[in-house]
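All remarks here apply to the structure that follows.
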Amino acid sequence: MVFGLNIFFISIHVSTVFLAHEIPGISWIGNDVLRLDRDRSVAEFFNYLQTFVTVMLLGRAFVLSRQGVYLAWSLIFAFIVLDDAMLVHERVGGFLAAKLAFPTLSGLRPLDIGELMVWAAAAALLLPLLVWGFRSSTRQAAGYGALLTLIFAVLVFFGLAVDMIHIIVAPWSRLADAALAIAEDGGEMLALALACSCALLLHRRLSTRTETIAPDTIHHDRDPAPQPD
């Protein structure tokens, strides 16, 4: 279901870009609302939704299990959705670029360098939280945490690495611009969908285990005390 919706939005984006290229007069339809690479588009709001669901499911997993790694990842994904919604790294990156006057470097704009600095600072702040999460969790919970770490690495690859390549290459080729936009934003969507699916499966597993244990506890509580001979 989650992946199906993401594929749907990616397909809509590809179709919209193709139609806008082949039939220029179609732009009046408001195709920006349907594209992955536009702020406040339908796909972007869907990304907010699936990231928020991930935050809530991981938070609930922490409540059910008391494993710190679930809380750590819940807070990290909360930071991601807040950053996307409030444009934190763009605004702070732009402020740093204006104040520090970064040079253009290998095709990267001063704004891009400022944004990279913001992400580096965020990583420095969030990494100790993640280390605490792993150290305070069981081996099994740490295994789930490692899976989320892998998914997050995929998200960073598309959100940062492909984004930087896109910025450098886009002025040279319209085809590369379109293809990298799909790779960047589509890859981010699918990585978030994977995180959401992982959080959902984890929540179901923990909820099922809790429901299985609870009746046994109630049953034992109701057992009559043994009578002395």
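Quick notes
- Annotation note: Cβ proximity below 8 Å between a residue of segment 135-163 that is closer than 14 Å to residue 187 by Cβ and a residue that is open to solvent by 50 Å² or more (accessible area, probe 1.4 Å) and of a type outside the set (Val, Ile, Thr) (sequence gap 6+ or interchain) occurs for 151/194; 154/194; 160/116; 160/119.
Here is a yes/no grid of residues against (1) basic (Lys, Arg); (2) open to solvent by 80 Å² or more (accessible area, probe 1.4 Å); (3) modelled with pLDDT under 95; (4) touching a Leu at 6+ places or on another chain (Cβ under 9 Å):
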residue: 125; (1), (2), (3), (4): no, yes, yes, no
residue: 129; (1), (2), (3), (4): no, no, no, yes
residue: 134; (1), (2), (3), (4): no, no, no, no
residue: 145; (1), (2), (3), (4): no, no, no, yes
residue: 149; (1), (2), (3), (4): no, no, no, yes
residue: 153; (1), (2), (3), (4): no, no, no, no
residue: 162; (1), (2), (3), (4): no, no, yes, yes
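- Condition broken by residue 87, with the remaining ones in (1) open to solvent by 10 Å² or more (accessible area, probe 1.4 Å); (2) within 14 Å of the chain's Cα centre (by Cα) satisfied: (2)
- Of the listed requirements (1) modelled with pLDDT of 85 or more; (2) within 23 Å of residue 180 (Cβ to Cβ); (3) open to solvent by 30 Å² or more (accessible area, probe 1.4 Å), residue 24 misses just one: (1).
- Verdict on residue 78 being surrounded by fewer than 18 Cβ atoms within 10 Å (Cβ to Cβ), within 21 Å of residue 56 (Cβ to Cβ) and small (Gly, Ala, Ser): yes
The values are calculated or read from the model by the stated rules, or taken from the named source; none is laboratory data. Given the structure is predicted, the values throughout are model-derived calculations rather than measurements. No Cβ is skipped: glycine too gets one built from the backbone with ideal geometry, and neighbour counts run over all protein chains shown. When the accessible area is computed, the model is the full protein with side chains, heavy atoms only, and any ligands, DNA or RNA have been set aside. Shrake-Rupley method; radii C 1.70, N 1.55, O 1.52, S 1.80 Å.
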